[in-house]
C-alpha cells in the first residue's frame, strides 16, 4: 500500500481520501475508547457530549437536520436525535446488546413516535453485538427495525463515510479534527527519538527484507472488523489507549521528518513482510503477533544502540496496522 507517490518531476502526490479516512479511523478509535472507559467508571456525563457530537457529525456527513430532542422535547425520551423533515430518529447509547435495542423500541412505540418518524436508528457509541435475529419488532406490532441496517457503530460510520465524495470526507475530517482534540505529551523526548530511530531503520534501503514486499490495497476497516473480528475489540481498545499518549507525538514527528515517498514505501514493505512472518508463526492471532512484533523491534533498536521506548513502538505498530502496513491484507489481484 502506498500513501504517497512521486512524479517524474520529484513532486510528492498524496491520496487525500486515504489520508482523511485514516485520520477519521484514528480519532474514532480514540473517542470510542474514552466512552468505553468513562462508562465503565460510571462517568456518564460524556454521553451528553457524545449526543451533540453525533448530531453534528451525522448532519455534516449525510445532510440531516437532526436536533437534540433531550434538549428540545422532554417527551421524546426514547430517542436522542430527530430530523422531523426526513422523519428519521437516532438513539445514541454506549450499550450494544439486543436488550437495549428492544427497550428503546418499546419506549419508541409507547410514545407513538412511529407517527412522527419512519426510521429509527440505534447508534452504538462503543461496539454493537453480533445479533442472531434479523429484525426486532415491538410487542404491539407497531414498528420494527433491522438489526443489520438500523443498528450502527463506529465501523458502520466509517463504511458510510468512505463511500462519500472526497469534498464531503474532507468536511468530516475537519469537523472531527476540531471536535476530538488529543494533546501531545509535554516532554516526549524519548518517544520522539524512538519514532525517528524506528522509522530510520525501517526505511533503510539496505534493510535485509528490501524488495521482498508486495503492495496491498488499503482496507483497514475490513481487516480489523472482518479478518480479525475475534480480536477487533482488543485491537481497537489498544489503539485508543495508546493514541492519547502517542498520537499527536507521532503525527508531529512524521511531519517533521518528511521521509519522502521512496522511504515511506520501503517502511511499509519492510513492516508488511516482517509482521506477516510473525503472524504466520502465531497461527494468525494478531494479538499475540503484535506482542512479538513489538518485542522484535525493541530488541532491534537496542541492538543498534537506538532509543527503544516500548510504548512508542507499540503505538507505532498499532498505527501502521490501521494503515495496513502491519499484518497487510492478502493481495487483491487487479486487471
Using the Kirkwood radius built from alpha carbon pairs, what does the Stokes-Einstein equation give as D for region 75-150 at 37 °C and 0.692 mPa s, in µm² per second? 266 µm²/s
Nearest-5 percent of antiparallel DSSP beta bridges in region 58-137? 45 percent
Once fully extended, how much extra length lies between residue 84 and residue 116, figured as 0.36 nm per residue of separation less the alpha-carbon to alpha-carbon distance? 10.8 nm
What percent antiparallel are the DSSP beta bridges of region 31-175, to the nearest 5? 50 percent
Give the relative contact order (percent, whole number) for region 31-175; include only Cα pairs under 8 Å separated by 6+ residues. 20 percent
Rank-order 153-162, 61-70, 86-95 by packing density, defined as the average count of other C-beta atoms within 10 Å over each peptide's residues, highest first. 86-95, 153-162, 61-70
Work out how much length residue 255 to residue 180 would gain on full extension: take 0.36 nm times their residue separation and subtract the Cα-Cα distance, in nm to one decimal. 25.0 nm
Work the Kirkwood hydrodynamic radius out for region 31-175: mean of 1/r over every pair of different alpha-carbon atoms, inverted, in Å. 15.7 Å
Highest first, please rank the peptides 288-300, 136-148 by the mean number of other Cβ atoms sitting within 10 Å of their residues. 288-300, 136-148
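Taken together, the values in this text are just the output of simple stated rules run on the coordinates, not laboratory data. Since we're looking at a predicted model, the values are computed, not measured. FYI the Cβ positions are ideal-geometry reconstructions off the backbone, even for glycines, and counts take in every protein chain you see.
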